Amino acid sequence: MAKPMRKVVFPVAGLGTRFLPATKTVAKEMLPVLDRPLIQYAVDEAVDAGADTLIFVTNRYKHAIADYFDKAYELESKLSQSGKKELLALVQGTLPKHVRCIFVTQPEALGLGHAVLCAKQVVGDEPFGVILADDLIWNDGKSCLRQMSELSMRENGAGVIAVEEVPHDQTDKYGIVDATKVSERAAKINLVVEKPKPDVAPSNLAIVGRYVLPSRIFELLEKTEPGAGGEIQLTDAIEALLGERSVLAYRFEGTRFDCGNKLGLVQATLHMAMQDPKLAAATKDFIRTSGLAG
Ligand code: UTP
């Protein structure tokens, strides 16, 4: 029987150039959607999927993520003394007690594949998840990573990669798969291509930031040469994995917001505001009466 996924890797060592100048000092994953940073949504998803070990691949400038999940003694004691129980619960609730965080450093931003490889020693010989926190996936049922890890278990430990249909003219922004349908939402991947031009893309099924992978991927990553953009690409190692075992593309249930760019962050913020009973009516009213909607 396949081992369950207990560890999730969060590569957070990218430079976040699309959010400069804010990302000079604020890690992209700490940008808030309403009152919670992107990384909190990602961590909640991992915990929902059954993870008890969270591995953050950071760079030396990203102390804020470690600080965020650490105990905030002074703040907690002030909130406690002033009887602000709800706020105290919020501050203490960033991480459930049974979950531990491990931080590893990616010395240089050599690509997503290289960032994942930095987690090799901590993951060891077991299946693991990868979440790119700037892809926020909202769902009021089972989280995206949970849907994927359950599918992997049912399919005897197969690799599972989240995909979404994108407009044909945007294939050169994504890893694109060619896959053969095996069920309503899953398809067996035949081929993965990193950022193909629309005229040569094998489909418009794009890889988004969720993966469930076997530990074998680390050995393949070690052999992976720099690819598109001079970076060590996770998709190239996945392509090598396809020759050895089954990897499934999974069309998840949920809505993805690409918060790695400004429009996606605006859309996610509006969407979350509309989910919040205290904000929904006022937000709608503002859009209607301000003339913003044209
Ligand atoms: P992106 O392609 O979004 O790059 O990385 P980026 O640096 O974060 O942002 P831009 O494009 O400059 O605005 C996808 C994911 O891979 C991580 C990033 O942190 C992000 O979660 N990553 C990327 C690393 O951890 N290390 C790398 O060397 C590259």
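Please treat every number below as a calculation from the coordinates, not as lab data. The shown structure was predicted, so the numbers you read here are calculated from the model rather than taken from an experiment. For neighbour counting, all protein chains shown are included, and Cβ atoms are generated from backbone atoms with ideal geometry for every residue, glycine included.
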Report yes if A133 is within 12 Å of the ligand (Cβ to nearest atom), within 23 Å of T269 (Cα to Cα) and not in a helix (DSSP H, G or I), otherwise no.
yes
Some residue of the range 151-170 being among the acidic types (D, E), closer than 30 Å to M274 by Cα and within 16 Å of the ligand (Cβ to nearest atom)
yes
Within the range 145-180, tally of residues that are hydrophobic (A, V, I, L, M, F, W, C) and in contact with an Asp or Glu (Cβ under 7 Å, 6 or more places away or on another chain)
1
Scanning the range 53-64 for residues that are among the hydrophobic types (A, V, I, L, M, F, W, C) and closer than 20 Å to K120 by Cβ gives L54, I55, F56, V57
Can you report the number of residues in the range 221-239 which are over 22 Å from the mean Cα position of the chain (by Cα) and closer than 18 Å to A179 by Cβ?
0
Residues in the range 241-249: is at least one within 16 Å of the ligand (Cβ to nearest atom), closer than 23 Å to D125 by Cβ and not in a loop (DSSP other than H, G, I, E, B)?
no
Spot the failing condition for T17; the list is (1) without any contact (Cβ under 8 Å) to a residue 12 or more places away in the chain; (2) more than 13 Å from the ligand (Cβ to nearest atom), and only one is missed.
(2)
Return the residues of the range 148-182 that are under 19 Å from the mean Cα position of the chain (by Cα), closer than 8 Å to A206 by Cα and surrounded by 15 or more Cβ atoms within 10 Å (Cβ to Cβ); say none if nothing qualifies.
V163, E164, V166, Y174, G175, I176, V177
